[in-house]
Amino acid sequence: MMDDSGGVQMARALKRAALCLMLLPRFLLAAAMLWLLDFLCIRKKVLLKMGEKRNSPDDPPLCISDSNKMFTLESLRAVWHGQKLDFLKSAHLGQAAPNTEVVLVQERRQRVVREFADIADFLVVYIEEAHPSDGWLSSDAPYQIPKHRCLEDRLRAAQLMLSEVPGGNVVVDNMDNSSNAAYGAYFERLYIVRDETVVYQGGRGPEGYRISELKNWLEEYRKELVDPPTAVLQV
């Protein structure tokens, strides 16, 4: 008879196998896209088409230099990691927002933060590097940062990127990557939390990273605060 530890290991193995089967079609599609993007003629057409869909100056442009290799072992690992985090995240629209452990870095404010500072508090959580210099390297990155081996590495890297992010209170994820896992944040993602509930969940970055959507939500919320809807009772 299988002991308790063997049963637990079997359950975990079955869970991992089921997860792989569910993620495999999406992963293979992403892998095929990365392979196609290594053909420069296709890459330019895809980036042009995606750029046309970004009709707001608030949304950062998608930039991939011609020298960047898209289909590599490291890129496939990064895509699999991001898709797995997205699938297993505990943050979902309309549900309680996970309260994960973070480490305070520094406070900083920029334009979007100032515009809505009267109705919202902004928090930037710096997670693991999407394109570390010793992993899926990107020549487009403003800094070449290696994988974080300890919390001090992550804090130093966060200091470098403070000028590149849309401000607010900046904290770093812990080395267990609990925030990244809970919110499926890899590579980057926007959330709005109200009364400990997720009320806005942006798409996975970079293609789903839409600051304009976040601003639209906050603008509608501000209108509700100024002119709340009136309930009409008909009898």
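Looking across region 156-177 at every residue that is of a type in the set (A, V, I, L, M) and at pLDDT 90 or above, the one that is farthest from the chain's Cα centre (by Cα) is identified as MET175.
Here's the yes/no breakdown for (1) modelled with pLDDT of 90 or more; (2) open to solvent by 40 Å² or more (accessible area, probe 1.4 Å); (3) closer than 24 Å to PHE116 by Cβ; (4) not in a helix (DSSP H, G or I):
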site: PRO142; (1), (2), (3), (4): no, yes, no, yes
site: ILE145; (1), (2), (3), (4): no, no, no, yes
site: SER179; (1), (2), (3), (4): yes, no, yes, no
site: TYR200; (1), (2), (3), (4): yes, no, yes, yes
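Only residues that are under 19 Å from the mean Cα position of the chain (by Cα) and not in a loop (DSSP other than H, G, I, E, B) were counted across region 112-134, and they come to 6. One residue stands out in region 181-198 among those that are without any contact (Cβ under 8 Å) to a residue 40 or more places away in the chain and within 20 Å of GLU129 (Cβ to Cβ): the one that is least open to solvent (accessible area, probe 1.4 Å), namely LEU190.
Candidates are the residues of region 1-58 that are modelled with pLDDT of 85 or more and outside any helix (DSSP H, G or I); the one that is least open to solvent (accessible area, probe 1.4 Å) is ASP38.
The values are calculated or read from the model by the stated rules, or taken from the named source; none is laboratory data. Treat the numbers as computed from the prediction; the structure is a model and nothing was measured. All Cβ positions, even for glycine, are placed from backbone atoms using ideal geometry, and neighbour counts span all protein chains on display. Heads up: the accessible areas ignore ligands, DNA and RNA and are worked out on the full protein's heavy atoms, side chains in. Shrake-Rupley method; radii C 1.70, N 1.55, O 1.52, S 1.80 Å.
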